[in-house]
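Step one of this worksheet: look at the structure below.
Nothing in this text is a laboratory measurement; each read-out follows from the coordinates by a stated rule. Please read all numbers here as calculations on a predicted model, not as lab measurements. Note that we place each Cβ from the backbone using ideal geometry, even for glycine, and neighbour counts take in every protein chain shown.
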Amino acid sequence: MKYDYLIVGAGFAGSVMAERLASQHNKKILVVEKRNHIAGNAYDEYDEHGILVHRYGPHIFHTNSREVFDYLSQFTEWIPYEHKVLAKIGNELYPIPINRITINKLYNLNLKTEEEVKKYFENVREKRFPILNSEDIIVNQVGKDIFEKFFKHYTKKQWNLEPKELSQSVCGRIPVRTNDDCRYFTDKYQFMPKDGYTKMFEKILNHKNIEVILNTDYKSIFESMKFDKVIYTGPIDYFFNYKFGKLPYRSIRFEFKNYKIDSYQQASHINFVDEYVPYTRITEHKKLSGQINYSTTISIEYPQQDGEPYYPIPTEGNRKQYLLYKNETEKLNNVSFCGRLAEYQYYNMDQVVV
Ligand code: FAD
Ligand code: UDP
């Protein structure tokens, strides 16, 4: 059997490409996935307690793109879900992103208007110019104290780097607000797939022109299969046999626990921003799906160096190393590289779909 395309990886990048090429261009596609399931890092499944859990960390869908939302809506119904996160300092919980409620609680203030909060930030911020890194972008908005309380230690735990060693885009993902909006995202479309991500991927890949093989590293079948073109969504350094060295990725160990109680914590996500807590966040999965069950499952995230490559690490040095690989991709005619690992970019799901 000859295929038009070999697609490596059944995550968002690989699956959406497969669907588009099959349904819009009538191409024959072979998708090769090394894990024993589709959906990439968005994979979810019911655990032994009957709770829908996200195996590779909580995935919250949010986008401003009508096009992305409409496209995915062909494959799933949605439930409305606006993500809210609390940050824990000592025994107290504070809304994050930082907003008026956070400031009032933290400093025992009674700021009533957005103007007052703006003034407050104006007084405490430390002007930084140019903004060169993840420390600058936060300190420039809210000053050193808030930076140290909410960002410094969480970031060090998450990346094993100081914020000043990381691109401004990392902590710059988190806005600072002067109102009391406690939502993590303000995107126009904020939903969760009604039956979960994996079911949505089953529908995306359900096309007569698409064949999926699991548990297979593409390198093991590369020589024996016939195809015209390749779309590669795995780690770019692996494709080139690490010829310019291994690119650094950050991994996470997820510890799942089930409790025979209705509710474990006050929000679906709690971020542990203190230095002495060894993990970064706890997710209560039922609170993402709205599922009703007599028990509840949580996952605790311990960032680590080894393991599955989850996060490209946005530093200047790593970017330079990535560009050596990117340069190699330009010499290949029949291979396209896309997705978080192949482009070494800290993409959200919607950025990959687009
Ligand atoms: P992946 O999902 O990583 O898919 C790549 C696939 O390629 C994998 O299935 C992998 O097994 C396979 N593969 C790799 N090498 C090979 C090989 N040699 N042979 C065969 N197959 C191979 N985004 C959001 O929008 N909202 C969130 O809340 C959110 N939370 C996240 C939380 C965590 C902990 C992580 C790690 C990511 C999160 N993301 C979130 C980002 C989201 O996971 C990515 O944007 C998305 O999964 C990228 O899709 P992808 O197809 O590029 O990569
Ligand atoms: N961050 C932080 N404290 C928080 C939340 C986020 O320091 O309470 C920083 C941290 O460096 C993190 C980055 O901001 O990696 C982006 O946060 P986000 O919640 O978007 O991370 P993700 O969900 O991608 O892991």
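By the beta-carbon count within 10 Å of each Cβ, the least crowded to most crowded order of 159, 78, fewest first, is 78, 159. The largest-to-smallest principal axis extents of the Cα set in region 101-182 are 37, 25, 19 Å. Working note: Debye formula, equal point scatterers on the alpha-carbon atoms of region 16-56, no solvent; log10 I(q)/I(0) at q = 0.28 Å⁻¹ is -0.93. An oblate overall shape is assigned to region 211-259, the ratio a/c of its alpha-carbon gyration tensor axes (a ≥ b ≥ c) being 1.5 or greater and a/b not exceeding b/c.
The overall shape of region 49-106 is oblate: from the C-alpha gyration tensor, with semi-axes ordered a ≥ b ≥ c, the ratio a/c is 1.5 or greater and a/b is no larger than b/c.
Judged by the ratio a/c of the largest to the smallest principal axis of the C-alpha gyration tensor, region 145-300 counts as oblate, that ratio being 1.5 or greater while a/b is no larger than b/c. Evaluated over the Cα positions of the chain, the convex hull gives a direction-averaged projected area, one quarter of its surface, of 19.1 nm².
Restricting the calculation to Cα atoms, region 241-354 yields a radius of gyration followed by a Dmax of 18.7, 57 Å. Spin-label model, residue 316 to residue 333: label points 7 Å out along the Cα-to-beta-carbon direction sit 3.9 nm apart. In the calculated pair distance distribution of region 14-86, what percentage of Cα-Cα distances lie above 20 Å? Percent of Cα pairs beyond 20 Å in region 14-86: 48. Computed over region 309-352, the quotient of the alpha carbon radius of gyration and 2.2 N^0.38 Å is 1.20.
Secondary-structure-derived ellipticity at 222 nm for the chain, considering helices only, amounts to -8000 deg cm²/dmol, per-run term -39500 (n - 2.57) for DSSP H runs with n ≥ 4. Under 10 Å, Cα contacts only: if you run a Gaussian network model on the chain, which one of 37, 83, 25 comes out with the highest mean-square fluctuation? Ranking 37, 83, 25 by mean-square fluctuation puts 25 first. Legend: Rg and Dmax of region 238-278, from Cα coordinates, 18.1, 51 Å. Between residue 115 and residue 276, the C-beta separation translates, for a Förster distance of 35 Å, into a calculated FRET efficiency of about 0.40.
In the calculated pair distance distribution of region 283-340, what percentage of Cα-Cα distances lie above 17 Å? That tail contains 65 percent of the Cα-Cα pairs. For region 90-237, the orientation-averaged shadow of the C-alpha convex hull comes to 14.7 nm² (one quarter of the hull surface). Restricting the GluC sites (Glu not before Pro) of region 196-247 to loop positions (DSSP other than H, G, I, E, B) with no more than 12 neighbouring Cβ atoms within 10 Å leaves 223.
Going through region 166-235, which chymotrypsin sites (Phe, Trp or Tyr not before Pro) have at most 12 other Cβ atoms within 10 Å and a DSSP loop state? It would help to have the intermediate numbers written out before the result.
On the way: sites: 184, 185, 189, 191, 197, 201, 218, 222, 227, 232; in loops: 184, 185, 222.
Answer by residue number: there is no such site.
Loop-located chymotrypsin sites (Phe, Trp or Tyr not before Pro) across region 249-354 with a Cβ neighbour count of 11 or fewer within 10 Å are 276, 294, with loop assigned by DSSP.
The residues 226, 119, when put in order of fewest to most other Cβ atoms within 10 Å, stand as 226, 119.
If R0 is 56 Å, what FRET efficiency do you get for residue 67 and residue 305 from their C-beta distance, rounded to 0.05?
Working: r = 37 Å, r/R0 = 0.66.
The calculated FRET efficiency here is 0.90.
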